[in-house]
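The values are calculated or read from the model by the stated rules, or taken from the named source; none is laboratory data. In this text, all values refer to a predicted model and were calculated from it rather than measured experimentally. Cβ placement follows ideal geometry from the backbone for every residue including glycine, while neighbour counts extend to all protein chains displayed. Areas reflect the complete protein model, heavy atoms only, side chains present, ligands, DNA and RNA absent. Shrake-Rupley method; radii C 1.70, N 1.55, O 1.52, S 1.80 Å.
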Amino acid sequence: MSATTATPVIDTHVILRDGDKILLSQRGGPYGYGRWHMPSGKLDRGEPSSEGAARELFEETGIAVIPGDLQLVHVVHHRQDDEVERIGLFFLALEWEGEPVNKEPDKCLALDWFTVHDLPDDIIEYPRAGLLGYLNESDSLLTEHAWRE
């Protein structure tokens, strides 16, 4: 058996909380159209993960966060399909500035706050796994998602 080295896509997801509410965005692009997830995006080559998370949050919502104010709260190793796997780093914004606005209307249909007790049913499965890993205070910082059918 010949093994090849994994080359996962690295995603950052930012959990923005205001008390018991969490900011979610509704996708407008082809993947997951109309479904909810946290502000997120792919890490650029050579970019530290907390800086990438802060950049993506600002690009999507206008919310400014200092990378040092992002706390890693969960990691998801996601099998997207036979060819692509992803590592999702889920950060909690401890301090942040601004009011969320939809800065990418071509990719995002809406931004909305949901209470942690009444989250929408149609959160995309992969981000949902990371959010629930954080909210349920899992004993493990890691969720392996979609590896077994």
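For the chain, with all protein chains in place and a probe radius of 1.4 Å, 48% of the accessible heavy-atom surface sits on carbon or sulfur.
Average accessible surface for segment 18-94: 47 Å² per residue, computed with a 1.4 Å probe over protein heavy atoms with every protein chain in place. Dipole magnitude for segment 29-146: computed about the Cα centre from +1 point charges on Lys and Arg Cβ and -1 point charges on Asp and Glu Cβ, it is near 120 debye. Scanning residues 5 or more positions from residue 143 or on other chains, those with amide H under 5 Å from its amide H are 75, 76, 77, with H placed 1.01 Å from N in the peptide plane.
Got a sec? What order do 91, 114 fall in by accessible area at 1.4 Å, biggest, i.e. largest, first?
Order by accessible area, largest first: 114, 91.
Computed from the C-beta positions of residue 106 and residue 146, the FRET efficiency with R₀ = 35 Å rounds to 0.80. Spatially, segment 73-143 and segment 38-70 are offset by 13 Å when compared through their Cα centroids. Computed on the chain, with alpha-carbon pairs under 8 angstrom and 6+ residues apart, the relative contact order is 30 percent.
Quick note on segment 1-52: its Rg to Rh ratio, both from C-alpha atoms and Rh being the Kirkwood radius, is 1.12. Of the residues 94, 111, 16, the one that moves most in a GNM of the chain with alpha-carbon contacts below 10 Å is 94. Once the Cα-Cα distance is subtracted from the 0.36 nm per residue extended length, the residue 7 to residue 64 segment shows a gain of 17.5 nm. Seen against the Cα atoms of the chain and their longest principal axis, helix 49-61 is set at about 50 degrees. Measuring how big the chain is from its alpha-carbon positions, Rg and Dmax come out at 15.0, 53 Å. Annotation: lysines with alpha-carbon distance below 24 angstrom to residue 42 (same-chain offsets under eight excluded): 103, 107. Once the Cα atoms are used to define both axes, helix 125-135 deviates from the longest principal axis of the chain by about 70 degrees.
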